[in-house]
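First comes the structure, then the notes that go with it.
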Amino acid sequence: MPLDKCFFSINNVYMLNTNHNTASYQAKFADFLLTKKYGSLSVKSYLADLEHYSDWAVTKSKRPNSKLSSNNSLPTFFNSRALEQYLLEIQVSESPAAIKRRLAALSSFLKYACAEKWLNSSLLNVFKTLADSTHQALKTNDQVLSDFTLYLQDKQTTKNSLRSYVTDIGEFLTITN
């Protein structure tokens, strides 16, 4: 699918946020993903996750009226401290599936941005370490929930009670990590 048609469909479905004028690097990233044979839904999701990070970064920046306006401003918003804080915050507020998807999108974007020399390649190493820690925390939670589910099943807990208990423990683990 040509980039202009992909962007047209993305704009219709998800309306790119133009407050930050991110279309320049997003268009280049979308084109890169399409050349790597990513499907249009994957491209749409990656762009949405990138926009989620961009919105978060602009909101958290200490600069009033700051904008993510060009490749040159990327280092302001994509740095090790910001990425670490973002990953910590989404671990509390998002599901494991959403976290994994956002990690994949950010990883792909950072690889691309480093290859394009928009960002220093050392950031990619820092992100990989942060992502590995995040994945480990998710695995630990998944294992705890799995073990707890098996325990409740052994005790012949009803389906509704089991679902309720597992949901509550899952939320607790997300908040405490």
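Residues are listed down the side, and each one gets a yes or a no for (1) touching a Phe, Trp or Tyr at 6+ places or on another chain (Cβ under 9 Å); (2) modelled with pLDDT of 90 or more:
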{"position": "ARG101", "(1), (2)": "yes, yes"}
{"position": "LYS128", "(1), (2)": "no, no"}
{"position": "ASP147", "(1), (2)": "no, no"}
{"position": "LEU152", "(1), (2)": "yes, yes"}
{"position": "ASN160", "(1), (2)": "no, yes"}
{"position": "PHE172", "(1), (2)": "no, no"}
{"position": "THR176", "(1), (2)": "no, no"}
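In segment 129-156, the residues that are under 21 Å from ARG101 (Cβ atoms) form no Cβ pair under 9 Å with any partner that is at pLDDT 85 or above and loosely packed, with under 11 Cβ neighbours inside 10 Å, whether six or more places apart or across chains. Residues of segment 46-62 that are surrounded by fewer than 18 Cβ atoms within 10 Å (Cβ to Cβ) and of a type in the set (Ser, Thr, Tyr): THR59, SER61.
Taking the criterion of being within 30 Å of GLU89 (Cβ to Cβ) and either of a type in the set (Gly, Ala, Ser) or exposed (fewer than 13 other Cβ atoms within 10 Å of the Cβ) (or both), the residues of segment 154-177 that qualify are SER164, THR167, ASP168, GLY170, GLU171, PHE172, ILE175, THR176. Examine segment 48-64 for a residue that is over 17 Å from LEU124 (Cα atoms), at pLDDT below 55 and not hydrophobic (A, V, I, L, M, F, W, C), and state whether such a residue exists. Within segment 48-64, one or more residues are over 17 Å from LEU124 (Cα atoms), at pLDDT below 55 and not hydrophobic (A, V, I, L, M, F, W, C).
The values are calculated or read from the model by the stated rules, or taken from the named source; none is laboratory data. These figures come from a predicted structure and were not determined experimentally. Here the Cβ is made from the backbone with ideal geometry for all residues, glycine too, and neighbour counts use every protein chain on show.
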